[in-house]
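To start, the structure itself, in structure tokens.
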Amino acid sequence: MANRIFKKLFGLVPEMISLSGSFAPAGTGAPTASKGKGWSVARVGVGHFRVTLERKYTTLVSALATLQLASADDKECLIGPYDADNRTIDIFVPDISAFVNEIQDIDFNSVPTTGVWTISFDGETTEELAYNANAAVVEAALESLSNIADVSVTGDYASGFTITFADPAGPVADVTVDDTGILTNSTAIEASVVETTPGVSGADVSANANNRVNFRFFVTHGKVGL
Ligand SMILES: [Ca+2]
Ligand SMILES: [Ca+2]
């Protein structure tokens with residue numbers, strides 16, 4: 001009898017438990033885990049890891065995970081919600097290397113005086129652009145394509161246009177120009193496209209074998225002694 005009351009009383013006061021550990025996120029297989037008991041870790045995707053707790057805890061009170069970098073400052077990781085049924089907590093490792101936005105130039109070999117032209121990007125083509133369309137019109141035409149959310153366009157039809165891709169970011173297909181409809185007086189114009197700055201994808205920080213993710217979870221267990 002006394003034992004049952006004891007258990008009931010303790011059941012009302014959740015026990016706080018700290019779980020900590022670290023793992024190396026490098027490679028593509030299961031991460032190398034260490035310094036921890038009561039959990040295991042698996043890779044879900046690039047930069048996405050799932051810690052499974054051996055015991056079933058009631059709530060995740062707080063959690064902290066830090067990416068400890070071999071050659072830069074530590075970065076805080078994002079932590080997903082606690083899935084109590086599956087005893088899992090997701091950790092998202094930040095990607096610290098920046099994207100480089102691609103820049104492409106469009107130039108005409110002579111200044112157009114009449115006609116219309118179009119720009120195609122990755123299978124889509126803009127509406128017809130006047131021979132003397134300004135940068136804002138070219139930018140709006142590109143952004144009306146379903147595969148371009150945000151570019152910035154500078155320059156003009158006389159000196160050429162510069163397109164900087166923001167979204168999509170990183171490496172993108174080079175645009176093509178249909179120049180058959182524009183003329184300088186009655187002479188054909190040749191448009192050229194030059195990728196002046198190649199886009200670069202952010203690298204996966206988990207590629208570095210010396211990086212580690214350190215985490216600490218505070219969980220409660222509401223049924224002490226049962
Ligand atoms: Ca824009
Ligand atoms: Ca390109």
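The values are calculated or read from the model by the stated rules, or taken from the named source; none is laboratory data. Being a predicted model, the structure only gives us computed values, none of them experimental. Note that each Cβ is placed from the backbone with ideal geometry, even for glycine, and that neighbours are counted across all protein chains shown.
Being modelled with pLDDT of 90 or more, closer than 25 Å to residue 170 by Cβ and in a strand (DSSP E or B): is that true of residue 120 here? In short, yes. The residue list 164, 187 contains one member that is β-branched (Val, Ile, Thr), more than 28 Å from residue 46 (Cβ to Cβ) and at pLDDT 95 or above, which is 187.
Look at the range 134-155: where a residue is closer than 11 Å to residue 124 by Cβ and a partner is of a type in the set (Gly, Ala, Ser) and within 16 Å of ligand 2 (Cβ to nearest atom), sitting 6+ places away or on another chain with Cβ atoms under 8 Å, you get 147/123.
When the test is whether a residue is assigned to a loop (DSSP other than H, G, I, E, B), assigned by TED's automatic domain parsing to the domain that holds residue 183 and in contact with a strand residue (DSSP E or B) (Cβ under 8 Å, 6 or more places away or on another chain), residue 111 passes it. Does residue 127 satisfy being more than 16 Å from ligand 1 (Cβ to nearest atom), at pLDDT 95 or above and in contact with a helix residue (DSSP H, G or I) (Cβ under 7 Å, 6 or more places away or on another chain)? It is true that residue 127 is more than 16 Å from ligand 1 (Cβ to nearest atom), at pLDDT 95 or above and in contact with a helix residue (DSSP H, G or I) (Cβ under 7 Å, 6 or more places away or on another chain).
The residues in the range 101-121 that are under 34 Å from the mean Cα position of the chain (by Cα) and not charged (D, E, K, R) can be counted, and the count is 8. Of the listed requirements (1) in a strand (DSSP E or B); (2) within 20 Å of the chain's Cα centre (by Cα), residue 73 misses just one: (1).
Any residue in the range 72-83 that is surrounded by 15 or more Cβ atoms within 10 Å (Cβ to Cβ) and more than 29 Å from residue 167 (Cα to Cα)? Yes, there is a match, as at least one residue in the range 72-83 is surrounded by 15 or more Cβ atoms within 10 Å (Cβ to Cβ) and more than 29 Å from residue 167 (Cα to Cα). Give the number of residues within the range 153-201 that are away from ligand 2 (no atom under 14 Å from the Cβ), surrounded by 15 or more Cβ atoms within 10 Å (Cβ to Cβ) and in a loop (DSSP other than H, G, I, E, B). The qualifying residues number 4. Within this structure, residue 119 passes the test of being within 16 Å of ligand 1 (Cβ to nearest atom), of a type in the set (A, V, I, L, M, F, W, C) and touching a residue at least 24 places away in the same chain (Cβ under 8 Å).
Are any residues in the range 143-152 within 16 Å of ligand 2 (Cβ to nearest atom) and exposed (fewer than 15 other Cβ atoms within 10 Å of the Cβ), and if so, which ones? Once the filter is applied, which keeps residues that are within 16 Å of ligand 2 (Cβ to nearest atom) and exposed (fewer than 15 other Cβ atoms within 10 Å of the Cβ), the range 143-152 yields only 147.
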